[in-house]
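Worksheet: the structure to be examined is printed underneath.
The values are calculated or read from the model by the stated rules, or taken from the named source; none is laboratory data. Only a predicted model underlies this, so the values are computations on that prediction, with no experimental measurement involved. Every residue, glycine as well, gets a Cβ built from its backbone with ideal geometry; the counts of neighbours run over all protein chains shown. SASA here: full protein model, heavy atoms, side chains in, ligands and nucleic acids out. Shrake-Rupley method; radii C 1.70, N 1.55, O 1.52, S 1.80 Å.
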Amino acid sequence: MATATLTWTANTETDLSGYEIHRGLGAAPLAFFQSVGKVSTFTDSTVPNVSQNVSYALKAFDLAGNRSALSATVTKAVDVTPPQAPVGLDVAIS
């Protein structure tokens, strides 16, 4: 699995309860993924490690259950490039 770390500017409303994270994998549309509290970072360690894009957007929600519109969407490509093969391997047998 790949890991994505989201950061954002926290809302300032006094009755803010938290955020809804919406995620889309590949060509799939954004869908509700997870709720978090009054934080401004989130680490998603469940991104499939396949060659595709992953997209995120947020909604804020308050204590009364009101929800904001979705934030702007951010999209990144999942890096599936393997590391270079080790070099300089040697063995001595006696």
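Brief remarks on what is shown
- Added length on full extension, which subtracts the Cα-Cα distance from 0.36 nm per residue, THR46 to LEU30: 4.2 nm
- Anisotropy class of the chain from Cα gyration tensor, a/c 1.5 cut: prolate
- With every protein chain in place, the chain: carbon and sulfur % of accessible area (1.4 Å): 55 percent
- Dividing the mean sequence gap of close Cα pairs (under 8 Å, 6+ apart) by how many residues the chain holds gives a relative contact order of 30 percent.
- Rounded to the nearest 20 debye, dipole of the chain from Cβ charges on Lys, Arg, Asp, Glu: 160 debye
- In nm, spacing of pseudo-spin labels at ALA4 and ALA77 (7 Å Cα→C-beta vector): 1.5 nm
- Selected from TYR56, THR14, ASN66, residue furthest toward positive end of dipole (the chain; charges at beta carbon): ASN66
- FRET efficiency, VAL39 to SER68 (Cβ-Cβ, R0 22 Å, nearest 0.05): 0.90
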